[in-house]
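The values are calculated or read from the model by the stated rules, or taken from the named source; none is laboratory data. Here the structure is a predicted model, which means the values were calculated and not measured. Note that each Cβ is placed from the backbone with ideal geometry, even for glycine, and that neighbours are counted across all protein chains shown. The protein model used for the area step is the full one, side chains on, heavy atoms only, and it has no ligands, DNA or RNA in it. Shrake-Rupley method; radii C 1.70, N 1.55, O 1.52, S 1.80 Å.
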Amino acid sequence: DFSKAMSQAGTSQFQEVIRQELEYSMKVELDKILATAPSNELEHTKKDLEGFKKLFHRFLQEKGPSVDWGKIQRPPEDSIQPYEKIKDRGLPDNIASVLNKLVVVKLNGGLGTSMGCKGPKSLIGVRNENTFLDLTVQQIEHLNKSYNTDVPLVLMNSFNTDDDTKKILQKYSHSRVKIYTFNQSRYPRINKETLLPIAKDVSYSGENTECWYPPGHGDIYASFYNSGLLDNLIGEGKEYIFVSNIDNLGATVDLYILNHLMNPPNGKRCEFVMEVTNKTRADVKGGTLTQYENKLRLVEIAQVPKAHVDEFKSVSKFKIFNTNNLWIALSAIKRLQEKNAIDMEIIVNPKTLDGGLNVIQLETAVGAAIKSFENSLGINVPRSRFLPVKTTSDLLLVMSNLYSLNAGSLTMSEKREFPTVPLVKLGSSFTKVQDYLRRFESIPDMLELDHLTVSGDVTFGKNVSLKGTVIIIANHGDRIDIPAGALLENKIVSGNLRILDH
């Protein structure tokens, strides 16, 4: 045993030496990069690289999945409240004064590349020519007009989306919403083999665009604080932020949740509320809330030891997942940020660049910080508060008559008998928004649809109705045109169907 202990000590000592060498080499490279920064960017770049250095240090310390599966427990009953219970409390007469303490923050760092678009995802048209950003501004303007309040909108941009977003913001200059922006950090991608940055200088245009990345939405705490905006909003008397992804069209300001935060029934305010909702088959990989070392903790699939992944995906054991709609106290962010006490697990995101080089990005997720806040709470909200548009399949749903649009908010049509959303899978011919739009002369009637799968070269004429389960598969080299006015109910269409005018 003694010799075993000695060899283990030797191994850990050896690993420590390697770690120190890697950190030193990283510091040398980052100093070289910093030396290329123009004087007007020096301070900003320094902050970014300092933040990256801390993340890299933690990455070298941590090994393997960061949760001990044996310590994971179901959250206590009262730590995840049903939304109905919160709604039943009703609203106070002075809801306007409560609303005036709120700031809406949208995570706006993503590009529309997965849907074949250049530029910020928030500028993709989703409904009647309205973009994600248009709908967000309309929602908040409607609130401010209805209650005579001043709820501002804050956009967390990335270096990828900042310029294009700022150009567009001019069009809202006469709307009744104050809009602020700040940028999340810009971190260097590192070579998977050498663990050194692939960037040689600070520029991020031209051939250097692939050298840098925005480090995930967990970066919100540091970059919001560093921007000075956090302090300004606290100075204006704001107390809570409502954070959500800009592509989640269900994430509207909920007055009942806000009232629960500002006027808690037990007199003790929550610093952090995470909206969760019940899993369906489509969400088995979503992060879930657990009890871990007496704290609520978000566990993501990447942190789960391989042997327990199936258990993690089980809908019976972990019934809920994180919608990434979060309500957080501003004063708590400030306190924790100043103490450097926000603890988020590192997500290692491997990428292969266009030239074939393997790199890794170190990221964090905003919801993972829940365990650093006091008196955290989960609220199990209706599925309607989670309506993300990640693909053109999602886009088809929100463009259809399943939803009606009112003051920027989408609500499920009352004419639909089942409140669940149909399962839609569009094949690779529909991946890019422009291809998708070209294939539909008009969006089909989907009020009675349960399931739609489309694969291959398929187009839809005007006023098509889809009901029940519809599967349309065009064989390779064939094409299927669904004629105008067609009704497909519980049908499988395959092979080749061309209807030509004569």
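Key figures for this structure:
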| read-out | value |
| --- | --- |
| Residue identified as closer than 24 Å to G109 by Cα and out of contact with any strand residue (DSSP E or B) (no Cβ under 6 Å at 6 or more places or on another chain) among T391, T420 | T391 |
| Residue count for region 388-402, restricted to those that are open to solvent by 20 Å² or more (accessible area, probe 1.4 Å) and not in a loop (DSSP other than H, G, I, E, B) | 3 |
| Residue match in region 318-333 (condition: free of Cβ contacts under 8 Å to residues at least 40 places away in the same chain and open to solvent by 20 Å² or more (accessible area, probe 1.4 Å)) | no |
| Matching residues, region 445-471, being touching a Lys or Arg at 6+ places or on another chain (Cβ under 6 Å) and farther than 13 Å from K491 by Cα | L447, E448, D457, T459 |
| Exclusive hit being open to solvent by less than 80 Å² (accessible area, probe 1.4 Å), outside the structural domain of L135 (by the TED database) and on the phi > 0 side of the Ramachandran plot, set G461, G427, G408 | G408 |
| Residues satisfying the stated conditions in region 211-258, i.e. more than 24 Å from L135 (Cβ to Cβ), touching a Leu at 6+ places or on another chain (Cβ under 8 Å) and open to solvent by less than 10 Å² (accessible area, probe 1.4 Å) | P215, Y221, L230 |
| Residue satisfying all of: in region 173-229; assigned to a strand (DSSP E or B) and in contact with a helix residue (DSSP H, G or I) (Cβ under 7 Å, 6 or more places away or on another chain); farthest from P38 (Cα to Cα) among these | I179 |
| Leading residue by the ranking (farthest from T277 (Cα to Cα)) among those in region 301-351 that are at pLDDT below 85, of a type outside the set (A, V, I, L, M, F, W, C) and assigned to a loop (DSSP other than H, G, I, E, B) | P305 |
| Where R385 falls short, out of the listed (1) of a type outside the set (D, E); (2) open to solvent by 20 Å² or more (accessible area, probe 1.4 Å); (3) under 21 Å from V103 (Cα atoms) | (2) |
| Enumeration of residues in region 106-132 that are hydrophobic (A, V, I, L, M, F, W, C) and not in a loop (DSSP other than H, G, I, E, B) | L107, L111, M115, L123, V126, F132 |
